[in-house]
């Protein structure tokens, strides 16, 4: 069942797209994080061992994300009603090499297949390149995750290699697909209007 939340107040939003928006994670999301990450349909393509996730485990993860400086985390919201539907992050950031890795989880089942993953990926590429000044963003996904690969390609990612037979699903070993996007292959449509110098005043 879709999660019912109080929509009277808009959450804090950092980056706003057409259909979805990104904002900081907050403690009220912990029960949702536990449900999302404990959903076997999510775990199928999220690289986690199928298992139940307790509130305590979700709280520990949240605490690490909230105070850590090694990754940049965002909650994903549907703009229509401001329902939280998942989370996304940039991690393994190497400021000298200007590289990082992208991650995404769409936790609400009815929010999948609507283009939200593609728009989230584009907003995060915009954030990585335009706001942070990074040059290369990569991701990994299972070869059987065809919907994810299609969404990432639409966002601007390209496959550059595979690690063979290292992902297990339903009795079969599958490849891990490596994809990346470079700053000079991406055109900002959101943050380029924010990160600009002031015009001279008369």
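The values are calculated or read from the model by the stated rules, or taken from the named source; none is laboratory data. Everything numeric here is computed off the predicted structure, so don't read it as measured data. Positions of Cβ are backbone-derived with ideal geometry, glycine not excepted, and every protein chain shown enters the neighbour counts.
One line per residue, one yes/no per condition, for (1) touching a helix residue (DSSP H, G or I) at 6+ places or on another chain (Cβ under 7 Å); (2) modelled with pLDDT of 95 or more; (3) surrounded by fewer than 17 Cβ atoms within 10 Å (Cβ to Cβ); (4) farther than 26 Å from residue 95 by Cβ:
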site: 136; (1), (2), (3), (4): no, yes, no, no
site: 146; (1), (2), (3), (4): no, yes, yes, yes
site: 152; (1), (2), (3), (4): yes, yes, no, no
site: 199; (1), (2), (3), (4): no, no, yes, yes
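Kindly indicate the residue of the range 100-119 that is touching a helix residue (DSSP H, G or I) at 6+ places or on another chain (Cβ under 6 Å) and part of a helix (DSSP H, G or I) and also surrounded by the most Cβ atoms within 10 Å (Cβ to Cβ) among those meeting that condition.
Result: 117.
If you go through the range 51-61, how many residues are over 20 Å from the mean Cα position of the chain (by Cα) and assigned to a loop (DSSP other than H, G, I, E, B)?
Number of matching residues: 3.
From the list 25, 32, exactly one residue is over 21 Å from residue 168 (Cα atoms) and assigned to a loop (DSSP other than H, G, I, E, B). Which is it?
Unique residue meeting the criteria: 25.
Suppose we filter 182, 169 for residues that are modelled with pLDDT under 95 and surrounded by 13 or more Cβ atoms within 10 Å (Cβ to Cβ); which single one remains?
169 is the lone residue from the list that is modelled with pLDDT under 95 and surrounded by 13 or more Cβ atoms within 10 Å (Cβ to Cβ).
Name every residue in the range 73-99 that is buried (at least 23 other Cβ atoms within 10 Å of the Cβ) and over 12 Å from the mean Cα position of the chain (by Cα), in order of residue number.
Passing the criteria: only 84.
Out of all the residues in the range 39-50, which are within 17 Å of the chain's Cα centre (by Cα) and farther than 17 Å from residue 104 by Cβ?
Answer for the range 39-50, where residues must be within 17 Å of the chain's Cα centre (by Cα) and farther than 17 Å from residue 104 by Cβ: there is none.
Results for (1) assigned to a strand (DSSP E or B); (2) within 15 Å of residue 20 (Cα to Cα), shown as yes or no for each residue.
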residue: 66; (1), (2): no, no
residue: 87; (1), (2): yes, yes
residue: 93; (1), (2): yes, no
residue: 97; (1), (2): no, no
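How many residues does the range 165-188 contain that are farther than 14 Å from residue 137 by Cα, touching a residue at least 12 places away in the same chain (Cβ under 8 Å) and out of contact with any helix residue (DSSP H, G or I) (no Cβ under 7 Å at 6 or more places or on another chain)?
Selection size over the range 165-188: 5.
Could you tell me whether the range 127-150 includes any residue that is assigned to a strand (DSSP E or B), farther than 14 Å from residue 179 by Cβ and either more than 14 Å from the chain's Cα centre (by Cα) or in contact (Cβ under 8 Å) with a residue 24 or more places away in the chain (or both)?
No - not one qualifying residue is present in the range 127-150.
For residue 64, are the conditions met, namely being at pLDDT 90 or above, more than 16 Å from the chain's Cα centre (by Cα) and farther than 17 Å from residue 107 by Cα?
yes
Residues in the range 33-72 that are over 27 Å from residue 10 (Cα atoms), touching a strand residue (DSSP E or B) at 6+ places or on another chain (Cβ under 9 Å) and surrounded by fewer than 17 Cβ atoms within 10 Å (Cβ to Cβ): how many?
Looking only at that region, the number is 3.
Out of 163, 122, which single residue is modelled with pLDDT of 95 or more and crowded, with 20+ Cβ neighbours inside 10 Å?
122
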